[in-house]
Amino acid sequence: MNKTVIEAGHNTPEVIFDPENKKISISGICTPENPRMYFKQIFMLMDEYLKENKNLSFNIHLNYYNSGSTKCLLHLFMKIAVDPVIKAGSEVNWIIDEGDLELKESGQLFEEITNLKFNYVPAKD
Amino acid sequence: MNHNSPTQQILEQLSRTENLREYLVLVYGRISQEMIISAISLTENKLKLENFHQAAITRTKIISAELLQNMLKHQIFNEKCLPYFILGFTDKSLRIITGNLLLKTTCDTLTHRIDKYKRIGKDQLRSYYIETFRNTELSPEGNAGLGILDIVFRAGQQVNYRITPFNDEICAMELNIMIHNKVTARQPQQS
């Protein structure tokens with residue numbers, strides 16, 4: 001699989017899928033009008049990657065998002081969480097600005113539902 | 001919501017019912033996706049200038065995005081009653097006030113949901129939110145039906161509304177949402 005970069009749009013995040021380094025990064029504003037359509041390509045990349053790989057690191061640094069996108073993010077995390085082997089080898093780096101309890105709690109909600117390993121990482125200036 | 005109301009009338013009406021110290025953002029007129037992004041960017045900059053806590057800023061942005069996208073999705077254009085989005089603050093909290101026209105059927109659905117979510121005990125709301133979030137499926141259009149629940153949850157149930165009939169099929173809905181500046185985490189229930 002090749003590295004895939006989806007550039008940020010006015011209301012969509014930048015996505016970097018890096019199979020060689022076993023990482024996926026999603027950053028920026030995430031309020032697409034149709035989140036399901038926007039995430040479709042990412043779901044397909046994940047499915048293809050997980051056919052041959054058993055671990056993945058997420059770097060998630062969101063500015064703000066809509067509820068449909070949170071559902072899509074949950075779907076993305078669940079692709080990892082449903083397989084005990086992949087789950088054990090994977091982690092989510094949930095990047096937050098200093099003092100942002102709101103975004104931290106959003107990560108904690110995902111963590112509670114998926115039981116994935118979440119690291120709460122301070123954003124670099 | 002005041003019919004045929006230019007911005008000044010809206011603000012005058014608000015000043016009679018709300019104890020807002022200052023208005024930060026006022027959007028009036030037809031909603032577009034580009035306008036939503038600009039409004040939220042302006043909101044963020046204004047709140048930073050006023051030294052609001054980062055958590056309150058993020059909460060306000062997420063609620064605003066949800067509100068404005070809902071207004072766009074259900075938008076009914078009529079020059080006599082244009083949609084508005086107002087962000088102001090009192091000494092202790094932020095206040096978001098939106099007004100727009102809706103089909104009565106949509107309005108009934110929204111008010112039913114708001115009333116239902118507000119009736120849930122504060123201690124149970126978090127687990128209710130998680131269960132709903134976990135079990136809801138996205139429609140082909142990408143709707144999860146979580147928008148109003150997300151707003152009520154993040155605002156700590158401080159969501160009020162006012163409905164004014166516009167004609168037989170349409171009504172005007174004003175939402176009034178309070179966000180505390182000192183955001184505290186809603187910790188999981190202790191079992």
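The values are calculated or read from the model by the stated rules, or taken from the named source; none is laboratory data. Because the structure is a prediction, the values reported are computed rather than measured. All Cβ positions, even for glycine, are placed from backbone atoms using ideal geometry, and neighbour counts span all protein chains on display. Keep in mind that these areas ignore ligands, DNA and RNA; they rest on the heavy atoms of the full protein, side chains included. Shrake-Rupley method; radii C 1.70, N 1.55, O 1.52, S 1.80 Å.
If you check A:Glu98 against the conditions, is it closer than 26 Å to B:His180 by Cα and assigned to a loop (DSSP other than H, G, I, E, B)?
It is true that A:Glu98 is closer than 26 Å to B:His180 by Cα and assigned to a loop (DSSP other than H, G, I, E, B).
Pairs needed: first member in region A:97-120, more than 7 Å from chain B (Cβ to nearest Cβ); second member anywhere, among the basic types (Lys, Arg) and in a helix (DSSP H, G or I); C-beta distance under 6 Å; at least 6 residues apart or different chains.
Sorted first by the residue in region A:97-120, then by its partner, the pairs are A:Tyr120/A:Lys104.
Output the number of the condition that A:Lys87 fails; it satisfies all remaining conditions of (1) within 14 Å of another protein chain (Cβ to nearest Cβ); (2) in a helix (DSSP H, G or I).
That leaves (1) as the condition not met.
Please note which strands (runs of 3 or more DSSP E) are completely contained in region A:2-76 and include at least 3 residues that are buried (at least 19 other Cβ atoms within 10 Å of the Cβ) and out of contact with any Gly (no Cβ under 6 Å at 6 or more places or on another chain).
Strands (runs of 3 or more DSSP E) meeting the threshold: A:23-30, A:57-65.
What number of residues within region B:15-58 are more than 16 Å from the chain's Cα centre (by Cα) and part of a loop (DSSP other than H, G, I, E, B)?
Matching residues across region B:15-58 total 10.
Given the conditions (1) open to solvent by 10 Å² or more (accessible area, probe 1.4 Å); (2) more than 17 Å from the chain's Cα centre (by Cα), report the number of the one that B:Asn70 does not fulfil.
(2)
With respect to B:Ile63, is the statement that it is part of a strand (DSSP E or B), within 18 Å of B:Ile177 (Cα to Cα) and either open to solvent by less than 70 Å² (accessible area, probe 1.4 Å) or more than 14 Å from every other protein chain (Cβ to nearest Cβ) (or both) true?
no
Residue by residue through region B:115-154, note down the ones that are in a loop (DSSP other than H, G, I, E, B) and surrounded by fewer than 16 Cβ atoms within 10 Å (Cβ to Cβ).
Correct list: B:Gly121, B:Glu137, B:Ser139, B:Pro140, B:Glu141.
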